[in-house]
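The values are calculated or read from the model by the stated rules, or taken from the named source; none is laboratory data. What you are looking at is a predicted structure, and each value in this text was computed from that prediction instead of being measured. Here the Cβ is made from the backbone with ideal geometry for all residues, glycine too, and neighbour counts use every protein chain on show. Ligands, DNA and RNA are excluded from the accessible area calculation, which covers all protein heavy atoms including side chains. Shrake-Rupley method; radii C 1.70, N 1.55, O 1.52, S 1.80 Å.
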Amino acid sequence: MATSLTTSPAEAAAHLRRGELVAFPTETVYGLGADALQPDAVRRIFEAKGRPADNPLIVHVCRREQIKQVAARVPPAGQQLLNEFVPGPLTLILPKHDHLPSVVTAGLETVGVRIPRLSQTQSFLEACGTPVPAPSANQSGRPSPTSWEAVEDDLGGRIDCILRGGRTDAGVESTVVDCTTDPVAVLRPGAIPVESLRQVLGTVQGASPEGEAAPRSPGTRHRHYAPSARVRLVDTPSEVAPGEDHAYVGLDAPAQACALGRVHVEEDVQAYAHDLFHIFRTCDEKEIEVIYAQTVSAEGMGRALNDRLRRAAAR
Ligand code: TXA
Ligand code: MG
């Protein structure tokens with residue numbers, strides 16, 4: 001199959017309405033979408049990615065009124081989060097609407113709903129005129145794509161269309177919050193820090209102190225975000241072993257930079273998160289064997305970053 005490239009949201013949406021698979025940018029990472037109401041098209045998302053069938057998809061809509069097409073109701077805490085953070089990099093887990101095909105939610109009685117903030121995404125979703133379930137547009141297990149080129153590398157020839165946009169802004173995925181419990185619970189730390197959620201709601205069940213998300217989100221059980229290179233976590237760059245096929249990424253500069261194949265010193269946690277998946281992919285292209293990655297302090301976006309680093313290193 002030839003994968004067509006376009007910068008036109010209307011053209012990309014026309015593919016999706018025909019039952020085809022379309023990758024599109026958001027403010028977090030690129031997603032791989034289909035029409036929620038065409039179950040065969042949704043099934044093809046799982047095939048194209050090699051995604052386990054028990055891992056539910058997040059449904060993307062462009063307007064709040066559309067939430068009632070996919071969710072049975074929005075509990076009060078969910079409404080507060082909607083008012084404060086949406087559109088944005090937040091996914092609300094809500095009770096599922098009966099009419100939503102069960103392939104979208106992998107048979108669960110709940111559905112993840114997200115309204116992205118990026119204007120190109122909004123134009124695309126508006127032109128689709130239907131809810132769009134979309135996981136990250138990578139081969140299952142690989143780092144999420146933060147550029148259209150990364151989508152093409154992973155899924156070119158397996159999907160119908162890529163809506164071309166720029167590098168994504170956040171670089172890590174949305175924060176997933178279960179709004180069916182009281183208090184609500186963070187199932188996956190992401191681009192909106194848990195501290196910001198607490199400022200609005202008071203109590204929010206967080207990921208545990210080690211940064212491990214509560215195990216209710218099926219996807220967090222699966223292997224994730226891993227480059228081909230091995231990832232080793234370090235507290236400081238002094239733990240890095242020299243080597244031509246070794247790379248380092250972190251906030252502190254290593255003393256022995258010239259003894260390494262690649263070195264990425266990041267300005268701050270935001271920049272680190274923005275660049276991480278891109279760096280993983282670049283290191284694979286350069287046939288780096290080991291990537292040393294510095295962990296950061298577990299606050300704000302640092303929680304999501306540490307979570308992705310730990311998962312990349314766990315294999
Ligand atoms: O930023 C993002 O969230 C991106 C962009 C494309 O929107 N999407 C994304 O999707 O990261 P994906 O499929 O790679 O990750 C979705 C996560 C998985 O861990 C999945 O298990 C969880 O959300 N999830 C989806 N629906 C759920 C549900 N009903 N209950 C619990 N967890 C759910
Ligand atoms: Mg993913």
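Looking at the structure I just gave you, is PRO242 open to solvent by 60 Å² or more (accessible area, probe 1.4 Å) and in contact with a helix residue (DSSP H, G or I) (Cβ under 8 Å, 6 or more places away or on another chain)? Give the steps one after another, and end with the answer.
On the way: open to solvent by 60 Å² or more (accessible area, probe 1.4 Å): yes; in contact with a helix residue (DSSP H, G or I) (Cβ under 8 Å, 6 or more places away or on another chain): yes.
In short, yes.
Only one residue in VAL59, VAL104 is within 20 Å of VAL29 (Cα to Cα), of a type outside the set (Gly, Ala, Ser), open to solvent by less than 10 Å² (accessible area, probe 1.4 Å) and not in a loop (DSSP other than H, G, I, E, B), so which one is that? Please lay out each step first, then the result.
Working: VAL104 fails: not in a loop (DSSP other than H, G, I, E, B).
Result: VAL59 is the single residue among VAL59, VAL104 that is within 20 Å of VAL29 (Cα to Cα), of a type outside the set (Gly, Ala, Ser), open to solvent by less than 10 Å² (accessible area, probe 1.4 Å) and not in a loop (DSSP other than H, G, I, E, B).
With (1) over 14 Å from ARG232 (Cα atoms); (2) in contact with a strand residue (DSSP E or B) (Cβ under 9 Å, 6 or more places away or on another chain); (3) without any contact (Cβ under 8 Å) to a residue 60 or more places away in the chain as the list, and ASP284 as the residue in question, which single condition is left unmet?
Going through the list (1) over 14 Å from ARG232 (Cα atoms); (2) in contact with a strand residue (DSSP E or B) (Cβ under 9 Å, 6 or more places away or on another chain); (3) without any contact (Cβ under 8 Å) to a residue 60 or more places away in the chain, ASP284 breaks only (2).
Quick one: which residue in ASP54, ASP40 is in a helix (DSSP H, G or I), farther than 27 Å from LEU201 by Cβ and not assigned by TED's automatic domain parsing to the domain that holds LEU276? Show your work before the answer.
Details: ASP54 fails: in a helix (DSSP H, G or I).
Answer to the selection: ASP40.
Hey, any hits in region 127-136 for a residue that's over 23 Å from VAL177 (Cβ atoms), among the small types (Gly, Ala, Ser) and in the same structural domain as VAL59 (by TED's automatic domain parsing)? Spell out the reasoning first.
Here is the first cut: in region 127-136, the ones over 23 Å from VAL177 (Cβ atoms) are 127-130.
Keeping just the survivors that are among the small types (Gly, Ala, Ser) gives 127, 129.
If we keep only those that are in the same structural domain as VAL59 (by TED's automatic domain parsing) as well, we get 127, 129.
Taking every residue of region 127-136 in turn, at least one turns out to be over 23 Å from VAL177 (Cβ atoms), among the small types (Gly, Ala, Ser) and in the same structural domain as VAL59 (by TED's automatic domain parsing).
Considering every residue within region 117-132, establish whether at least one is touching a residue at least 60 places away in the same chain (Cβ under 8 Å), within 16 Å of ligand 2 (Cβ to nearest atom) and basic (Lys, Arg).
Within region 117-132, not a single residue is touching a residue at least 60 places away in the same chain (Cβ under 8 Å), within 16 Å of ligand 2 (Cβ to nearest atom) and basic (Lys, Arg).
Restricting attention to region 71-101, which residues are in contact with an Asp or Glu (Cβ under 8 Å, 6 or more places away or on another chain) and either away from ligand 2 (no atom under 16 Å from the Cβ) or in a helix (DSSP H, G or I) (or both)?
To start, the set of residues in region 71-101 that are in contact with an Asp or Glu (Cβ under 8 Å, 6 or more places away or on another chain) comprises 72, 75, 77, 88-89, 93, 95-96.
Listed by number, the residues that qualify are ALA72, PRO75, ALA77, GLY88, PRO95, LYS96.
Scan (1) under 19 Å from GLU109 (Cβ atoms); (2) more than 13 Å from ligand 2 (Cβ to nearest atom); (3) part of a loop (DSSP other than H, G, I, E, B) for the single condition LYS68 breaks and write down its number.
(3)
What single numbered condition from (1) modelled with pLDDT under 95; (2) among the polar types (S, T, N, Q); (3) open to solvent by less than 40 Å² (accessible area, probe 1.4 Å) fails to hold for SER196?
(1)
Only one of (1) touching a helix residue (DSSP H, G or I) at 6+ places or on another chain (Cβ under 8 Å); (2) within 30 Å of ARG198 (Cβ to Cβ) fails for ASN83. Which number is that?
(1)
If we scan region 39-48, do we find a residue that is buried (at least 20 other Cβ atoms within 10 Å of the Cβ), under 18 Å from the mean Cα position of the chain (by Cα), among the small types (Gly, Ala, Ser) and more than 10 Å from ligand 1 (Cβ to nearest atom)?
Yes, the conditions are met somewhere in region 39-48.
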